[in-house]
Amino acid sequence: MEKESVNPRDVIVKPNYMLMSLQRILVLFVILAGVIVVVYYTPMPEEYFENCDRECHELDWPMICRVKLVIEVYKTYSKSCNNCAEAHGTDCPPMCITADGRERGVLAANRELPAPSFHVCQNDILVVDVVHRAPAHALSIHWRGQPQRETPFMDGAPMLTQCPQPAYTTFQYKFRASSVGTHMYHAHSAADAADGLAGAFIVRQSPRLDPLRKLYDVDATEHTIFVAEWGHSMGPLAGVTPNTPNAESLLINGKGRSSEYSNAPITTFAVENGKRYRFRLMYGGGSKSCPIKFSVDDHVLKIIALDGSSIKPVEVDAITFARGERVDFVVDANKASGVYKMRVVAEKSCQENLEGVAELVYKTLDRKTLQKTNKNINLPVNRELTTVNSDRCASDKVLCLNEIHSAGKFPAKLAAAIDEVIYVPFNYSTRQISAKRVESWGQTDGFRFTYPASPLLTQGSDVASEAICARGSNDDECVHIKNIPLRSTVELVMFDQGGESDHIFHLHGYNFYVVGIREFNTSIDKQQIKEMNEKGTLFISTNLIDPVIKDTIVIPKFGVVALRFEADNPGYWMMRDERSAHWTRGLDFVLKVGEESDFVQAPPDFPKCGSYVGPEYFLI
């Protein structure tokens, strides 16, 4: 009997389980070793960092930046100064606030003017302990330019996102610095900010990720410029009296000069010949909040960003901008060694003879370097950029917002048909209180804004329904809320019907695209504006390709603007009237994006507040 032949393919070979196990162990070992190496060489976040100012890198872990702000009533030329201003060539100690050379009360943070600058990297976590030691003050701090997507209750809008902080308490702000750019932080009350409670807030990114990095060589902390109005007739009563008091000087980084003290210290900025420097400029405003013009003698300013968002660079001799706005510009240090004046001057139509000065100082270099760099000295461009729209925009020597282009493209969904178009007229009304007194207040869309008794975001159920503005309501004051569906596209059409002056508005929680701006010479009613917009005749031209991105807008007298954004950040977000000296003058309103179920909830122990009415009883 013949044996059947066996096909080798039919032979079952048993797997070597031991070898397979060893292979798996080796792979796991390699992966584990790689993770250990990455973790070992990557800086891990620590619990406390008093200073997060550093070179940013895209592979670094975010830092936890914990700082303390002690808010107290302080004064200029305190005992810590030791007459340093009178001693020529003597530097004043850190705790000495010189301002414009005269004594004045200051609402100071850490006894500094302006408040301490924060310089962090994108996605760093800020933990700011605000220790409130100023008596008889209700305080909140707004972090301008930060969307607060994860922590809307840290936006710092009193009675909207938090209870105002009472005196002699500590409130801890904790949020992620997610929005890159030049920003600010300040007291929500403009009078408190005018008294000194405002400072720079810079969020940098890795140089490799920064699209503007090729335009400059140096981006240093010491090249931050904070401008503010200053005056001795300002303070807590500013804006309450019928006539807003004039400012008396403009301070640059807390220093300036007055006619009485022409030798007071001023701020200096050091540069080296042959380098390009990025400066970060912001305007904290004051009681009057006049628009200001900034320039550097004999130097061209290359403007590269507005309100923290990149634009296509433009070269100008000067820039005019308004309270709350920020400007990034590059200076090419290609002049002969010496001292050049930095100047800020208020618009004469707002106030005459209001100005401030600082110095741009070249470090001395050898003659060879000077000869080499002086060959390519930029010539004056004889052109100005302004964010304040006016009839000057018709000049070829003036660039206005509608002539500025964003560095990025306009999102297609915002260029298409818009889901929500919201028309917001604003005006001023007056009422005779007595034979000698006339009360004036602002209103938007017929409503005079006031704050609720409890924060809308964290205690919405405690806010009475009758406190909210209702359509057709004739109440003197109410909480003006406009509802917007989450993830809808929105166009805000805001226009001035009163013609009192230019108005400045800042939107919390969002940036917006300025797609149209126009100035009329007369008041136009809401129905006319709506019909013109629907027909496409409201604006002479609109930019739906690369409009500039901002969070603060100047609406000209009898002017109209169209602002577009995607409502993708749920919460209660304020459109704030920047010229209000205190919490409000009636022109504010609130955007409610989404429903309560969409909102990020505050921690269970978040502070609560509201009205109190005691039990009904009789004293016998």
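The condition of being open to solvent by 20 Å² or more (accessible area, probe 1.4 Å) and touching an Asp or Glu at 6+ places or on another chain (Cβ under 9 Å) holds for Tyr340. Could you tell me whether Ser406 is open to solvent by less than 40 Å² (accessible area, probe 1.4 Å) and modelled with pLDDT of 95 or more? So Ser406 fits the description; yes.
Is region 446-454 home to any residue that is modelled with pLDDT of 95 or more, open to solvent by less than 30 Å² (accessible area, probe 1.4 Å) and of a type outside the set (Ser, Thr, Tyr)? The answer is yes; a qualifying residue exists. Selection over region 471-487 of residues that are assigned to a loop (DSSP other than H, G, I, E, B) and either crowded, with 20+ Cβ neighbours inside 10 Å or modelled with pLDDT of 90 or more (or both) gives a count of 4.
Results for (1) under 17 Å from Leu212 (Cβ atoms); (2) open to solvent by 40 Å² or more (accessible area, probe 1.4 Å); (3) without any contact (Cβ under 8 Å) to a residue 12 or more places away in the chain, shown as yes or no for each residue.
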| residue | (1), (2), (3) |
| --- | --- |
| Ser259 | no, yes, yes |
| Phe269 | no, no, no |
| Lys288 | no, yes, no |
| Asp317 | no, yes, no |
| Asn334 | no, no, no |
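Of everything listed in (1) in contact with a Ser or Thr (Cβ under 7 Å, 6 or more places away or on another chain); (2) at pLDDT 85 or above; (3) hydrophobic (A, V, I, L, M, F, W, C); (4) open to solvent by 40 Å² or more (accessible area, probe 1.4 Å), the single unmet condition for Val398 is (4).
Scanning region 488-507 turns up at least one residue that is open to solvent by 60 Å² or more (accessible area, probe 1.4 Å) and closer than 30 Å to Leu385 by Cβ.
The values are calculated or read from the model by the stated rules, or taken from the named source; none is laboratory data. Quick caveat: nothing in here was measured; it's all calculated off a predicted structure. Cβ atoms come from the backbone with ideal geometry, glycine included; neighbour counts cover every protein chain shown. Note: areas computed on protein heavy atoms with side chains; ligands, DNA, RNA excluded. Shrake-Rupley method; radii C 1.70, N 1.55, O 1.52, S 1.80 Å.
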